[in-house]
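Throughout, read-outs are computed from the coordinates displayed, never taken from laboratory work. These figures come from a predicted structure and were not determined experimentally. Cβ placement follows ideal geometry from the backbone for every residue including glycine, while neighbour counts extend to all protein chains displayed.
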Amino acid sequence: MTLDAAGQTAASQPESAEREAVDTNTSKTVGKPFCDDAKMRMRNVNVFYGETQAIHDISLDIGCNEVVAMIGPSGCGKSTFLRCLNRMNDTIEDCRVEGELTLDGEPIYGQKVDVVPLRARVGMVFQKPNPFPKSIYENVAYGPKIHGIARRRAELDEIVENSLRRAGLWNEVKDRLDQPGTGLSGGQQQRLCIARAIAVSPEVILMDEPCSALDPIATARIEELINELRENYTIAIVTHSMQQAARVSQRTAYFHLGRLVEVNDTETVFTNPQHELTEAYITGRFG
């Protein structure tokens with residue numbers, strides 16, 4: 001058994017050596033992490049769970065009416081970073097976020113920032129469809145009610161219909177709006193959750209693996225919807241499917257071990273990546 005200078009066995013070294021090499025190789029993001037028309041700007045973002053650092057010094061812009069896809073191996077920090085963008089990490093005990101994050105130039109972390117209107121402006125669609133145990137109508141009307149967007153029934157009716165139409169669900173549910181949202185199929189439930197998110201007129205929509213629990217047909221409907229929504233919204237999507245990232249996004253961000261390795265035009269990331277770690281991931285050598 002051989003020992004290194006610090007007294008470690010040689011057999012114990014590969015994992016730490018690989019991590020050290022990765023840390024060195026990802027100290028600076030390559031590609032195009034910034035843009036001129038940024039809706040959201042993140043600078044030097046670090047996230048800690050207690051003493052454990054999950055996100056390391058990430059800087060990124062998300063442009064107006066742009067879809068940015070976040071890819072990378074499981075546990076690389078994609079979802080943790082996404083949750084920073086509407087302060088969902090506030091709900092996790094011992095989670096601490098450092099750095100500068102802005103929406104339209106205004107900081108979203110600050111003592112005077114109210115997270116309720118922030119989360120109306122930056123909506124979120126989760127991995128697993130989570131409709132409320134209410135009717136289809138009430139699922140969509142809930143947000144406009146609590147945010148005071150609509151007070152009269154006629155106003156609510158219009159918002160509900162428009163939101164369901166934008167989510168591509170109106171024709172399928174218009175004759176059963178009083179039935180439980182939980183009675184819909186998985187794909188329909190996810191589109192209902194998207195309708196619920198856009199009912200409060202958000203500016204940004206965050207999607208955390210929105211198709212992971214759906215079949216290919218339902219996934220295709222959601223992807224079509226994302227392409228349509230980009231005309232009116234800024235979208236950030238976390239996905240494990242590189243094919244999905246290629247289909248729906250304009251830029252793709254590759255994460256590895258809590259660091260942002262590369263951000264570039266989606267076509268460039270998948271055809272001519274600039275970083276060796278990005279190339280290794282998209283060619284299937286790891287991840």
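Figures for the structure shown
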read-out	value
Relative contact order [Cα under 8 Å, 6+ residues apart], the chain, whole percent	27
Share antiparallel - DSSP beta bridges, the chain, percent rounded to 5	60
Gap separating the Cα centres of region 78-156 and region 176-227, nearest whole Å	16
Calculated P(r) tail over 17 Å for region 34-164, as whole % of Cα pairs	66
Where trypsin sites (Lys or Arg not before Pro) in DSSP loops with at most 13 other Cβ within 10 Å are excluded, longest remaining stretch of the chain	177-284
Compactness relative to 2.2 N^0.38 Å, alpha carbon Rg of region 179-285	1.18
Dipole of region 211-263 [Lys/Arg +1, Asp/Glu -1 at C-beta], most positive-end residue of GLY258, LEU229, CYS211	GLY258
Neighbourhood charge, 11 Å Cβ-Cβ cut-off, centred on GLY143 and excluding it, Lys, Arg +1 and Asp, Glu -1	+2
Beta bridges by DSSP in region 149-287, antiparallel share as percent, to the nearest 5	55
Violating pairs (Cα-Cα greater than 32 angstrom) within the set LYS112/LYS145; LYS39/LYS174; LYS112/LYS174; LYS128/LYS174; LYS39/LYS145	LYS39/LYS174; LYS112/LYS174
Convex hull volume per residue for the chain, taking Cα atoms only, in Å³	153
Hydrodynamic radius by Kirkwood, which averages 1/r over all alpha carbon pairs of region 248-287, in angstrom	10.1
